[in-house]
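Have a look at the structure below, then the notes.
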Amino acid sequence: MIKKLMLMGAISTCLFSSAQKFSFVPSVGYAWRVAETPSGLSKQEKDYIKGLKSGLHFDLSAYYHINKVGIGLKFSNYNASSNGMIAVNNSQRGTIYVPLSTTDNITFIGTSIMYSNYNDPTKHKLFFDGSLGIISYTTKTGNIKGTGSSLGLDAGFGYQYALSKNIFIGPKLSMTAGTLTKMKINGATVELGEAKEGLTRVSLSGVATFNF
């Protein structure tokens, strides 16, 4: 009886251990911010803002898996820039055009949960993940710098094909969401009121998983 219990315990331990794995999941792609462009802008201003509404997206996640559930951390980053000539009304010289260059950066870091079939005996892998954390925004135009942060959410869905037992690749669709109600402009806090800064974006990426 004792031998049977020991054997069952050993088998259970092996099965449980085989389901506990680490995975590292990097992805890179393109993202589009979904906040509406303010009304009443000139064509030059709209084009300028349009350049900041899409850019490079990448993220990195690490998970500890127990069966189909993974618990871990996620970091993501978005970068965009725009250059242009903006019309400015001058009381002495009339309308003049001023060259401007803006760089935007949005980061997210938080705890994450994944549900996947990584441990199933199939080459077709599916996963869903959701994260809760802090989303931060930095924008810089000339010598003017704005920063802000708030609660952020991230969720994604992906399909991957198993190239080997430990490496999967495929596409991923995700969304990162957050809104700023105040920012610091060159160190001074500014309440945004109705003109809140929407940081929500949708991204399409190529994702790889290294599963061990």
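The values are calculated or read from the model by the stated rules, or taken from the named source; none is laboratory data. A quick note: this is a predicted structure, and the numbers were derived from the prediction, not measured. Note: ideal-geometry Cβ built from the backbone for every residue, glycine included; neighbour counts use all protein chains shown. Side chains included, ligands, DNA and RNA excluded: accessible areas come from the protein's heavy atoms. Shrake-Rupley method; radii C 1.70, N 1.55, O 1.52, S 1.80 Å.
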Exercise. Got at least one residue in the stretch 187-203 being closer than 24 Å to Thr122 by Cα and open to solvent by 50 Å² or more (accessible area, probe 1.4 Å)?
Worked result: no
Exercise. Of these, Gly133, Gly110, Gly142, which one is small (Gly, Ala, Ser) and over 18 Å from Ala177 (Cβ atoms)?
Worked result: Gly142
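Kindly state which strands (runs of 3 or more DSSP E) lie completely within the stretch 116-212 and contain at least 1 residues that are among the hydroxyl-bearing types (Ser, Thr, Tyr) and free of Cβ contacts under 8 Å to residues at least 60 places away in the same chain.
Hits in the stretch 116-212: 124-141, 144-162, 188-191.
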Exercise. For residues in the stretch 38-81 being over 17 Å from the mean Cα position of the chain (by Cα) and buried (at least 19 other Cβ atoms within 10 Å of the Cβ), which is nearest to Leu100 (Cα to Cα)?
Worked result: Tyr48
For this session: Evaluate the following for Val88: is it under 28 Å from Ser131 (Cβ atoms) and open to solvent by 30 Å² or more (accessible area, probe 1.4 Å)?
Result: no
Seminar exercise, completed: The condition from (1) touching a His at 6+ places or on another chain (Cβ under 9 Å); (2) not in a loop (DSSP other than H, G, I, E, B) that Leu100 misses is numbered (1)
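Per-residue answers, yes or no, for (1) modelled with pLDDT of 90 or more; (2) not small (Gly, Ala, Ser):
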site	(1), (2)
Val88	no, yes
Ser101	yes, no
Thr111	yes, yes
His124	yes, yes
For this session: Answer yes if at least one residue in the stretch 104-127 is touching an Asp or Glu at 6+ places or on another chain (Cβ under 8 Å), farther than 27 Å from Lys68 by Cβ and open to solvent by 60 Å² or more (accessible area, probe 1.4 Å), and no otherwise.
Result: no
